[in-house]
Amino acid sequence: MKLYTKEEMISNIKKIINTGWHKSVKKTVDKRNDGAVGNTLEILLGIKENNLPIPNAQEWELKGQRKHSTSLVTLKHIEPSPTGAKIVSSILLPMYGWRHKEAGRKYPEEEMSFRSTTSATSYTKRGFKVVVNRTQRKLIFDFDSSKIDINDSEVSFWYESIKRRVGVDKINPEPYWGFDDLKYAIGSKLMNCFYVIADTKIDDGHEYFKYEKLLILSSFSFDKFVDCVDQGYLYIDFDARTGHNHGTKFRLRQDKLPELYNSAIYIS
C-alpha cells in the first residue's frame, strides 16, 4: 500500500472537491448518521475504511458529514464506569428501562428499552442529565426524580414502575466517565482530523455527494472537549434494548467539531 504525506492526502481530497458529484457507496438516503459521506470519500481516495495511508495515520481521523444535516457526529463509543458493574445491561436497562415500542411485534413481549440522548444543560423528561464535576474530574450520568415530567402520561406510567423496581433515589452505583479515561480514549482517536462537508442530491432513488469543504483540525484539546460538554454541544447517547446494547456514544453537534481543536484550517 502506497503511503501519502499529509500534504498529498490534502491534495487528493482537494481534487475530489473539484470533481463534482459522486454516487454514495451506501444505499441510505440522507436519513441518518450512517457514515456514507466518509465511506464514499474513502473509496474515492482508494483507501480501506478507517485506514488512512499516511505515515502517522494513527494520529489522524477522517470524518464526513452532509452539508445540511442536523445529525450529531459520533466521536467514540465508551461505556460508563464502574465497568465491572455492567451499568447499562445490569442497572439502567432492567431498573430504569421501559417497554420497547416493538415489544410483542418485532421483539419478544418482555423486550425492554433504554434510550436517552442526554446533555449537561437540562434534564430529560425522565430526569436524566450529564453533570460535569471538575473537582472529581469526571462526567456523571445523574438521575433526579424531581425533574421527571409527570404531566407526560407515558413518562408518568414509567415513573410509577421504577418506584416499584428500584425506588427514586440516585442511581447506585453512579454511572460516570473519568476525565483521564476520556482524555485517552477520545484524545487518541481525535488527535487530528480531516473533516469533509458534502452537499447531497437524490438521483433515480440513489444519493450522490458533492464534496465542498475540507477542515484540517489539529491539536485536540481535552479542556475544550469538557467545555463543549458544559455548554450542551455534546451528548451522551444510550441505545440499548434487552436483546442488544448498541453502545453508549459520545456525540457532538457537527458544527461544533472545530471547537475541540486548537487549530482549524478551512479549505473549500
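Considering only segment 144-260, give the strands (runs of 3 or more DSSP E) lying wholly within it that have at least 2 residues that are within 28 Å of Glu79 (Cβ to Cβ) and either open to solvent by 60 Å² or more (accessible area, probe 1.4 Å) or at pLDDT 95 or above (or both).
176-178, 234-241, 249-253
Sort through Lys125, Lys129 and tell me the only one that's at pLDDT 95 or above, part of a strand (DSSP E or B) and farther than 18 Å from His246 by Cα.
Going through Lys125, Lys129 in turn, the sole match is Lys129.
Cβ-Cβ distance below 7 Å, separation of 6 or more or different chains: which pairs start in segment 243-268 with a residue that is free of Cβ contacts under 8 Å to residues at least 40 places away in the same chain and end on one that is assigned to a helix (DSSP H, G or I)?
Lys256/Cys228; Glu259/Lys224; Glu259/Cys228
Which of the residues that make up segment 73-94 are in contact (Cβ under 8 Å) with a residue 12 or more places away in the chain, surrounded by fewer than 16 Cβ atoms within 10 Å (Cβ to Cβ) and not in a strand (DSSP E or B)?
Once the filter is applied, which keeps residues that are in contact (Cβ under 8 Å) with a residue 12 or more places away in the chain, surrounded by fewer than 16 Cβ atoms within 10 Å (Cβ to Cβ) and not in a strand (DSSP E or B), segment 73-94 yields Glu79, Pro82, Ala85, Ser89, Pro94.
The values are calculated or read from the model by the stated rules, or taken from the named source; none is laboratory data. Treat the numbers as computed from the prediction; the structure is a model and nothing was measured. Note that we place each Cβ from the backbone using ideal geometry, even for glycine, and neighbour counts take in every protein chain shown. Note: accessible area is taken over every heavy atom of the protein model, side chains too, but ligands, DNA and RNA are not part of it. Shrake-Rupley method; radii C 1.70, N 1.55, O 1.52, S 1.80 Å.
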